[in-house]
Structure formats: structure tokens, C-alpha cells
Amino acid sequence: MGISIEAQNPTEFEPAAAAVTAVEGCDRRRYKTQQITELLEIEESRRTGLLAAWEQLLASDPVGTLFQGPVWCLEWYRAYHERYQPCVLAVTYGDTLVGLVPLAVERATGELVFASGIMSDYRDVLALPQHKQTVIAGLLQFYCAGGFSQPLRLGPTLPESNTATLVFAASREVPGAYAIPRSHPGWRWWPGGDTQSDFLKKKTIRQAIKHYERQGPVRLDRINTVETWHEFKHEFFDQHSLRQLYAGRRPSFNSGMKQSFYDSLMLNSPGAVHVIALRVADRIIAAHYGPVHDKVLYWGAPAFDVREAQRSPGLVLLALIIQDAERLGLRGIDLTIGVEEYKRRFSSSSVTLPTVEIHCGRRRYYAQGLRDRVVGGAKLLLEKTKRPDAWEQAKEHLDRVGERAQRVRELGIKESCIRVARRAVAAVGERARWLTLTVTPAALQPVGPVLAAGEDCSFHTDELRDMLKWDGPSAETARAIVVVVRRAPVDLRKGRTLHTLLVAGRLACWGWSYRPQGPERIDVTQTVLEYAPNSVSLYDFHTVPEFRGRRLYQALLTHILHTRFAEGAELAYIMVRDTNVASRKAIERVGFRVVAVDEISRLLGRSRIRHAPVGAADGPSA
């Protein structure tokens with residue numbers, strides 16, 4: 001059922017005496033810290049109880065942000081209630097609400113986080129300035145009393161916030177509390193000033209805009225009504241998810257909880273968000289959904305059509321927003337935390353954003369300190385002995401090691417050892433045979449899919465968003481999907497066609513086809529294949545593991561061949577390795593026959609390739 005906050009901590013407790021008495025003119029006995037951990041209780045208190053003053057407290061805190069405000073936090077608590085248990089710490093002085101910390105506990109892990117976690121650009125406490133020290137002391141007491149296994153990350157905060165300093169002061173008074181300082185670069189754009197640039201004059205931006213203007217009108221559309229939001233949101237979520245896949249990350253914008261959060265903010269509090277789309281003719285090529293407070297837009301990663309990635313449509317969108325900020329009702333853009341080069345280029349000022357990592361217990365604190373020193377030393381050593389980007393490359397290598405470990409867990413020790421052994425042998429030398437198969441319209445033998453009762457099967461062409469319609473556990477499939485999304489922009493620009501097969505709305509199988517324009521060198525064999533005129537080539541097919549054994553591969557091949565032959569193709573080609581028996585049988589079942597064999601022999605870096613048409617002397621038979 002998840003962690004029970006009430007079972008770990010009292011509902012009310014006295015704040016740290018030493019911290020409170022340091023606040024001049026305040027009576028320690030009048031402070032009280034309360035926990036509100038049920039969503040219904042939080043909502044009721046917001047209407048008629050203690051939390052009715054939440055908005056007023058936000059307005060009274062000079063460094064408070066909307067990420068600690070009731071609009072943002074309540075919508076997040078509602079959307080993510082199944083995953084996180086809300087925990088609002090409310091500090092009163094007498095009958096007055098003087099401080100509030102919007103927290104949550106992840107039900108699966110028991111980790112304590114600020115409301116909305118990493119979706120918040122700034123994570124701070126809300127407090128009246130004269131009571132802030134007491135609020136922070138209460139937060140540290142709560143954290144240490146809760147026995148949470150993970151550190152609490154407070155920040156980044158606004159550079160004007162003194163929270164980090166107060167945390168260090170309070171940690172000396174609260175038993176078991178230890179704090180580790182961090183800092184990160186932050187970036188802002190404000191109009192005017194000597195550092196402002198005309199971003200539309202940047203060469204890459206100018207060239208991209210001219211490219212799009214040749215396709216049709218280029219315009220910014222503000223999404224600020226219920227009707228336009230409902231028309232826009234599905235494209236927005238899909239583009240964001242594909243952007244994440246393109247970057248090699250697991251998509252999060254196809255999560256029902258995240259979509260619900262964005263949806264409810266837009267529908268219930270449209271003034272708290274700024275949504276805008278960049279259109280070329282009637283096509284959305286980039287979009288941004290960001291919180292806005294006091295006419296300042298908080299910039300996060302924009303969504304964009306990955307097919308346009310080479311022209312950086314997200315940066316074009318940012319440049320146009322900056323250029324049109326006054327009309328859009330913006331007095332500035334907070335580009336927030338980050339080391340991305342574009343933030344440096346598009347900002348008019350930089351700031352240091354403080355963060356503090358809070359640990360409960362001396363052992364965890366010193367262990368983290370040791371890790372920081374080791375990592376810092378390794379980073380410095382790499383940068384001194386190699387290139388400045390050596391540390392980033394090292395992190396990428398560690399990420400790949402983590403991916404391999406995940407793959408070992410998925411495949412099991414035995415299968416993993418077999419694959420490692422095969423790669424070790426292949427590193428020395430290998431012998432591989434690739435079969436080239438063809439089929440004509442007359443030889444096609446259609447095969448239909450095996451479907452369960454009530455299932456339907458659909459075929460799509462160039463629907464890249466179909467790659468989002470899979471949510472299984474297979475790391476192998478996840479990697480294959482990332483490869484498709486990363487390569488798709490180039491392949492689609494070359495005129496190649498992506499074919500997908502869905503069963504009951506779920507991605508089950510995919511592959512590619514194209515019309516060769518002459519002889520081509522084949523990557524896997526390094527031989528030149530002389531394609532016949534009016535032919536079509538099929539390649540890179542994958543069937544999702546849970547759908548294998550249902551003739552879906554053959555059904556997709558049948559569909560592609562019917563389509564291509566109807567378009568005028570007279571011959572279809574496909575290649576398969578001879579050891580892939582299951583795939584070869586599936587291919588031959590729809591009428592393909594072997595016409596050539598490429599045999600590759602490699603030993604200690606030296607290769608020998610032998611191409612033999614079927615039927616030639618000493619060549620293999622079909």
C-alpha cells in the first residue's frame with residue numbers, strides 16, 4: 001500500500017528550540033508544525049481551513065514561486081495521487097500560517113520529494129521572512145524523524161533566496177541533520193540591455209526560417225482556449241515523447257498522469273501556463289508549454305517534430321518568442337538551470353542557483369561526501385589529461401555499462417554468457433552467410449495474422465508516433481524503438497517508408513521499404529547489389545516479443561508487397577542471415593526465394609567476401 005507518514009511521524013511537533021529562540025521577538029511556544037497527508041483533507045483545508053491562506057503566503061514570500069503555490073501543487077497532487085502520497089507541512093504562529101512546505105512521498109520507494117519533483121524548476125519552502133528559519137528547522141526535524149532512506153534535495157532555489165544559508169544554520173541545531181551545498185548555473189533573458197542579441201539574425205535561425213517560409217506561412221499560435229487546447233494536446237504529447245526517444249530517453253509525456261497534470265492546469269488555471277505552437281502552413285513543427293508567473297515564462301524543453309531535428313525548430317520557436325515577447329505578454333524568460341549551450345547563447349544574464357542536499361545520519365553524509373570527492377577528482381583528472389569533454393564521455397560510457405547490466409538482468413546469466421562468448425569469438429574472426437531473397441507479384445503467397453477473439457489489426461505508413469504505442473518490459477524492444485526514431489528523420493528524407501502493424505492499438509511489428517534507384521552497397525555484406533528496374537527493397541523488421549508466433553511479420557510483409565506491387569513494383573528484395581531460421585521461414589512463407597548468398601570470412605581484421613548467385617557452381621541451393 002506504500003509508506004504511511006502518520007505511522008512514522010507525529011501529526012504535530014514542537015520545532016527545534018535553539019532555532020526558534022534565535023528569531024527575535026517570537027515566542028517559541030506559539031509555533032506549531034502540522035502535517036496534512038490526505039488529498040481530501042488538503043483540498044478541504046484549502047477551501048475553508050488553514051490552507052485558505054496559501055495564496056496569500058505565496059504573495060508575501062519575496063522569493064516564493066508558483067511551484068510552491070496552491071495552483072501548481074494541488075493539480076500535481078491530484079494527477080499523481082496513485083504514485084505519491086501528499087504531505088504538506090504547515091507552520092503556524094498562533095493562528096497565522098507563516099510557512100508551508102509542499103512535499104510528497106513516493107509510495108513505491110518511500111522517497112521524500114518536493115511536490116512535482118523534477119517537474120519543478122525551483123524547489124523551496126514558502127515562509128514569511130521573519131519566520132523562515134523556524135520553518136526550515138521544522139522541515140529538518142520532520143525529515144530526520146521520518147527515517148527516509150534517500151537524501152532530500154532542496155533546490156535549486158532562486159539566487160535571491162537565503163534558504164541554503166538557513167538550512168546550514170538549522171542543521172547545526174537539529175540532531176542528525178547534515179547538509180551538502182551544491183550550485184548550478186541558471187540563465188535568464190530580459191529585454192533591453194547591452195547583452196541582448198537579435199536572435200533572428202543568427203545564421204542557423206535565419207536559414208531555418210527561410211527554409212520554412214518556402215513551405216508556407218510561419219507563425220506563432222497561442223493556445224489559450226479549451227477548444228484549441230483539445231485540438232493541440234495530442235500532437236504536443238506525441239511530439240514530446242518522440243523527442244525524448246530521439247534523445248535516447250524513456251518517454252514520459254505518454255504517461256496518463258503527466259498528461260492529466262498538464263491538462264488540468266490548462267483547463268482549470270489557464271493563467272498559470274503559457275502554451276504556444278510554431279506552425280509552418282498548417283503543420284506544427286515545435287511547441288512549448290511552460291508555467292508563467294508575473295509575466296515571466298519558465299522555459300523547459302520544447303516539443304518538436306523530430307523529422308525537423310536538423311533545423312533545430314525548438315530554437316527557432318524560442319527566438320520567435322523572444323522577438324515577439326511584448327505581444328505575447330511576457331516581460332522575460334527564465335531559462336532555468338542547465339549547461340546547454342543554447343541557454344548561454346539565448347540568455348542576457350547568468351546567475352548561480354543554490355541547492356542543498358539534506359542527509360539524515362552521519363554515515364550517509366560522509367559517504368556522500370566521499371563520493372563527491374572521488375567524482376570531483378576523477379572529473380578534474382580526466383579534464384587535465386584529456387579533452388575538456390572527457391568527463392561527459394566518461395558518463396556516457398557509464399550509462400552504456402548500466403544499459404548492459406540491465407540487458408543481463410533481462411536475458412539472464414546463461415544467455416548473456418552465450419552472447420558474450422559469441423562476441424569474443426567474432427572479435428577474432430567469424431564466418432557469416434547472408435541470403436538475398438526475391439519475390440514477384442505472381443509468386444506472392446499472402447499470409448494473414450493470427451488474432452484473438454475481438455482483436456483488430458491495422459497497418460500504417462510513416463506514422464512515427466506508432467512507436468509510442470508500446471509499453472512493455474523488453475529492454476531489447478525499447479532499444480530497437482530508439483534506433484528507429486533516431487534514424488527515421490534521415491530515412492524519411494531519403495524517401496523511405498516506415499510500415500507499422502498494430503494489434504488492438506498496440507505496436508506489434510514494423511519495418512521499412514524503399515524503391516532503389518540503381519546499384520547500392522549493402523552495409524552488412526559490403527557488397528554491391530544490382531537491383532532490377534522497378535524493384536522495391538524491404539529491410540529492418542522487428543516483431544515485439546509478446547506478439548511473436550502470430551504470423552504478424554508475414555502479415556506485414558504481405559501488406560507491404562500488395563501495396564508496392566500495386567504501385568508498379570515488379571520485384572521485391574529482402575536479406576536475412578542464414579542463422580536466423582525463424583525469420584527466413586517467415587519470409588519464404590510469403591513467396592520469397594533465395595537468389596544469392598554472400599559469404600563473409602574475417603580473421604584478425606582481414607576480410608574475404610564471396611558472392612554467389614544461387615545455382616552457380618559450388619553455390620548453395622534454395
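The values are calculated or read from the model by the stated rules, or taken from the named source; none is laboratory data. Since the structure is predicted, the reported quantities are computational estimates derived from the model, not experimental observations. Cβ atoms come from the backbone with ideal geometry, glycine included; neighbour counts cover every protein chain shown. Accessible surface is based on the protein model in full, side chains and every heavy atom, while ligands, DNA and RNA are left aside. Shrake-Rupley method; radii C 1.70, N 1.55, O 1.52, S 1.80 Å.
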Ala378 passes all but one of (1) modelled with pLDDT of 70 or more; (2) open to solvent by less than 80 Å² (accessible area, probe 1.4 Å); (3) more than 30 Å from Thr525 (Cβ to Cβ); which number fails? (1)
Hits in region 26-47 - residues which are modelled with pLDDT under 85 and not hydrophobic (A, V, I, L, M, F, W, C): Asp27, Arg28, Arg29
Can you say whether Ala508 is among the small types (Gly, Ala, Ser), within 30 Å of Glu235 (Cα to Cα) and either modelled with pLDDT of 95 or more or surrounded by 13 or more Cβ atoms within 10 Å (Cβ to Cβ) (or both), as far as the supplied structure shows? yes
I'm checking my understanding of the structure. Among residues of region 62-77 that are of a type outside the set (A, V, I, L, M, F, W, C) and either in a helix (DSSP H, G or I) or open to solvent by 10 Å² or more (accessible area, probe 1.4 Å) (or both), which one is nearest to Leu39 (Cα to Cα)? Tyr77
Among the residues of region 352-359, is any part of a loop (DSSP other than H, G, I, E, B) and either over 30 Å from Leu112 (Cα atoms) or open to solvent by 30 Å² or more (accessible area, probe 1.4 Å) (or both)? no
Would you say Ser120 is in contact (Cβ under 8 Å) with a residue 12 or more places away in the chain, small (Gly, Ala, Ser) and closer than 30 Å to Gln323 by Cα? yes
Sole residue being farther than 19 Å from Leu468 by Cα, outside any helix (DSSP H, G or I), open to solvent by 50 Å² or more (accessible area, probe 1.4 Å) and at pLDDT below 95, chosen from Asn254, Asn224: Asn224
Which numbered condition His230 fails, given (1) over 28 Å from Ile481 (Cβ atoms); (2) open to solvent by 50 Å² or more (accessible area, probe 1.4 Å): (1)
Hey, any hits in region 188-211 for a residue that's of a type in the set (Gly, Ala, Ser) and crowded, with 20+ Cβ neighbours inside 10 Å? yes
Residues of region 449-486 being aliphatic (A, V, I, L, M), in a loop (DSSP other than H, G, I, E, B) and under 28 Å from Phe565 (Cβ atoms), in sequence order, are Val450, Leu451
Leu571 meets each of (1) of a type in the set (A, V, I, L, M, F, W, C); (2) in contact (Cβ under 8 Å) with a residue 24 or more places away in the chain; (3) open to solvent by 50 Å² or more (accessible area, probe 1.4 Å) with one exception, condition (3)
Residues satisfying the stated conditions in region 41-61, i.e. exposed (fewer than 15 other Cβ atoms within 10 Å of the Cβ) and among the β-branched types (Val, Ile, Thr): Thr48
Please enumerate the residues belonging to region 432-448 that are outside any loop (DSSP other than H, G, I, E, B) and in contact with a Gly (Cβ under 9 Å, 6 or more places away or on another chain). Val439
How many residues does region 264-315 contain that are more than 27 Å from Leu158 (Cα to Cα) and assigned to a helix (DSSP H, G or I)? 8
Selected residue [in contact with an Asp or Glu (Cβ under 6 Å, 6 or more places away or on another chain), in a strand (DSSP E or B) and either surrounded by fewer than 19 Cβ atoms within 10 Å (Cβ to Cβ) or of a type outside the set (Lys, Arg) (or both)] from Leu502, Leu498: Leu498
Among (1) in a helix (DSSP H, G or I); (2) open to solvent by 20 Å² or more (accessible area, probe 1.4 Å); (3) β-branched (Val, Ile, Thr), there is one condition Val524 misses while meeting the rest; what is its number? (1)
Conditions: (1) open to solvent by less than 20 Å² (accessible area, probe 1.4 Å); (2) outside any loop (DSSP other than H, G, I, E, B). Leu328 meets all but one. Number of the miss? (2)
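Give the residue, chosen from Gln130, Gln141, that is part of a helix (DSSP H, G or I), surrounded by fewer than 19 Cβ atoms within 10 Å (Cβ to Cβ) and either modelled with pLDDT of 95 or more or of a type outside the set (Val, Ile, Thr) (or both).
Being part of a helix (DSSP H, G or I), surrounded by fewer than 19 Cβ atoms within 10 Å (Cβ to Cβ) and either modelled with pLDDT of 95 or more or of a type outside the set (Val, Ile, Thr) (or both) holds for just one of Gln130, Gln141, which is Gln130.
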In the set Val23, Val91, Val98, which member is of a type in the set (Val, Ile, Thr), more than 22 Å from Lys258 (Cβ to Cβ) and at pLDDT below 95? Val23
Every residue in region 547-568 that is open to solvent by less than 40 Å² (accessible area, probe 1.4 Å) and in contact (Cβ under 8 Å) with a residue 60 or more places away in the chain, please. Leu552, Gln554, Ala555, Leu556, Leu557, Thr558, Ile560, Leu561, Phe565
Options Val306, Val280, Val351: the member that is closer than 24 Å to Pro185 by Cα and either among the aliphatic types (A, V, I, L, M) or touching a residue at least 12 places away in the same chain (Cβ under 8 Å) (or both): Val351
How many of the residues in region 48-77 are modelled with pLDDT under 95 and among the charged types (D, E, K, R)? 0
Could you look through region 530-546, keep only residues that are part of a strand (DSSP E or B) and open to solvent by 40 Å² or more (accessible area, probe 1.4 Å), and pick out the one that is farthest from Asp598 (Cα to Cα)? Phe541
Of all residues in region 436-477 being more than 21 Å from Ser583 (Cα to Cα) and among the charged types (D, E, K, R), which is least open to solvent (accessible area, probe 1.4 Å)? Asp466
Among the residues of region 165-184 satisfying the criterion of being out of contact with any Ser or Thr (no Cβ under 7 Å at 6 or more places or on another chain) and surrounded by 20 or more Cβ atoms within 10 Å (Cβ to Cβ), which is farthest from Gly361 (Cα to Cα)? Leu166
Which listed residue is in contact with a Lys or Arg (Cβ under 7 Å, 6 or more places away or on another chain), open to solvent by 20 Å² or more (accessible area, probe 1.4 Å) and touching a residue at least 24 places away in the same chain (Cβ under 8 Å), from Gly147, Gly155, Gly94: Gly94
Selection from region 98-127 of residues of a type in the set (Asp, Glu) and either touching an Asp or Glu at 6+ places or on another chain (Cβ under 6 Å) or open to solvent by less than 10 Å² (accessible area, probe 1.4 Å) (or both) yields Asp124
